[in-house]
C-alpha cells in the first residue's frame, strides 16, 4: 500500500536535511510501528506523508497504492484515503466540531462519488462512533478541540478516523499525554479499525502503546533512515536495552 523509496527531505525554510535516504514498505492489513530517539525524523516523516508544505522532498518518491503522492496537496491525499493523527491536535476556535465532521465526511464522500449524508444519518453515525470512545456527545457541540483535555483531543482524532474510514492511518505519538485509561480507550478505537484493506503506521517512543496496539512490524528510525526492521519483539528489545546497541550496529 505504501512504498517509500530513497526519500530525502529537508525543512523548506532553513534547508536542514531531516530525512536522508529513507526506505519503507507497509502492506495493506499491516500495523507498522516506527520508533527512534528524539530528532530521528519520525514526526517529520508523518508531516511529509500528509503533505505539509514546510518540508521539501529533494530526492526519492512516496508511492501510495502504486501512485506517487508527491505532487498532491494535503486535501488530495486525504481524499485518496490518507489520515494523520497529530501528536498535538490543534484547536480551531469558531468551528463547531459537528460542523467540522460533517464537512470532512461529505468532502470524502464527494471525492468518492457518493451522495452527501443526510443530517439524521450523519448524527447517528457520530453518536455511535462517539459512544465506542466513551465521548460525551455534548462536547462535540463545542469548537474543535477548544477546552478539550489531552485525552479528549486524542479521542476526537480517533473519532475522526473512525468516521472518515481512511485506508492509510498515520498516528504520530498518539499516546503522548494520555493516562492509562485514555490510552486503552484510544488503543481500542485504533484496533477496531484494523482491516485487511487498511494500513496503520504507529509512531511512538514507548513500548506501552504497543502493548495495546500490537504491531506486525517495527522499524527503527535514526538520522532520517530506517536502520533496523523486525517484528514486535524488536520493540521489546528497545524497551529493554535502548537504542545505543542498534545504532552502533548500524554505524
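The values are calculated or read from the model by the stated rules, or taken from the named source; none is laboratory data. Everything numeric here is computed off the predicted structure, so don't read it as measured data. Cβ coordinates were reconstructed from backbone atoms using ideal geometry, including for glycine residues, and neighbour counts include every protein chain displayed.
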Only residues that are surrounded by 14 or more Cβ atoms within 10 Å (Cβ to Cβ) and either free of Cβ contacts under 8 Å to residues at least 60 places away in the same chain or not in a helix (DSSP H, G or I) (or both): list them for the range 100-115, please. 100, 102, 105, 106, 107, 108, 109, 111
I'd like the full set of residues that are farther than 28 Å from residue 156 by Cα, out of contact with any strand residue (DSSP E or B) (no Cβ under 7 Å at 6 or more places or on another chain) and without any contact (Cβ under 8 Å) to a residue 40 or more places away in the chain, limited to the range 183-234. 233
Taking the range 211-220 as the region of interest, how many residues are under 26 Å from residue 21 (Cβ atoms) and not in a strand (DSSP E or B)? 2
Looking only at the range 116-138, which residues are closer than 21 Å to residue 94 by Cβ, surrounded by 15 or more Cβ atoms within 10 Å (Cβ to Cβ) and more than 23 Å from the chain's Cα centre (by Cα)? 122
Only one residue in 79, 33 is in contact with a helix residue (DSSP H, G or I) (Cβ under 8 Å, 6 or more places away or on another chain), at negative phi and crowded, with 18+ Cβ neighbours inside 10 Å, so which one is that? 33
Name the residues in the range 205-239 that are at positive phi and buried (at least 21 other Cβ atoms within 10 Å of the Cβ), would you? 224
Kindly provide the set of residues from the range 1-36 that are part of a loop (DSSP other than H, G, I, E, B) and either over 18 Å from the mean Cα position of the chain (by Cα) or without any contact (Cβ under 8 Å) to a residue 40 or more places away in the chain (or both), ordered by number. 12, 13, 14, 15, 16
For the range 236-249, does any single residue satisfy the condition of being within 30 Å of residue 163 (Cβ to Cβ) and either assigned to a helix (DSSP H, G or I) or modelled with pLDDT of 85 or more (or both)? no
Which residues, taken from the range 146-179, are part of a helix (DSSP H, G or I) and within 20 Å of residue 35 (Cβ to Cβ)? 154
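When you look at residue 78, is it in a strand (DSSP E or B) and touching a residue at least 24 places away in the same chain (Cβ under 8 Å), yes or no?
Working: in a strand (DSSP E or B): no; touching a residue at least 24 places away in the same chain (Cβ under 8 Å): yes.
Here the answer is no, as residue 78 does not meet what is asked.
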Quick one: in the range 164-183, of everything that is surrounded by fewer than 19 Cβ atoms within 10 Å (Cβ to Cβ) and over 22 Å from residue 47 (Cβ atoms), which residue is modelled with the highest pLDDT? 165
Does residue 233 satisfy the criteria of being out of contact with any helix residue (DSSP H, G or I) (no Cβ under 8 Å at 6 or more places or on another chain) and in a strand (DSSP E or B)? no
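Quick check: anything in the range 50-58 in contact (Cβ under 8 Å) with a residue 24 or more places away in the chain, touching a strand residue (DSSP E or B) at 6+ places or on another chain (Cβ under 6 Å), closer than 30 Å to residue 7 by Cβ and assigned to a helix (DSSP H, G or I)?
First pass over the range 50-58, keeping only residues in contact (Cβ under 8 Å) with a residue 24 or more places away in the chain: 50-51, 53-58.
Of the ones still in play, those that are also touching a strand residue (DSSP E or B) at 6+ places or on another chain (Cβ under 6 Å) are 50, 55-58.
Next cut, closer than 30 Å to residue 7 by Cβ only: 50, 55-58.
So of that shortlist, the ones also assigned to a helix (DSSP H, G or I) come out as 50.
Looking for residues that are in contact (Cβ under 8 Å) with a residue 24 or more places away in the chain, touching a strand residue (DSSP E or B) at 6+ places or on another chain (Cβ under 6 Å), closer than 30 Å to residue 7 by Cβ and assigned to a helix (DSSP H, G or I), one finds at least one in the range 50-58, hence yes.
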Might you check whether a residue that is closer than 26 Å to residue 248 by Cα and surrounded by 18 or more Cβ atoms within 10 Å (Cβ to Cβ) occurs anywhere in the range 45-64? yes
Selection count, the range 116-138, where residues are outside any helix (DSSP H, G or I) and without any contact (Cβ under 8 Å) to a residue 40 or more places away in the chain: 5
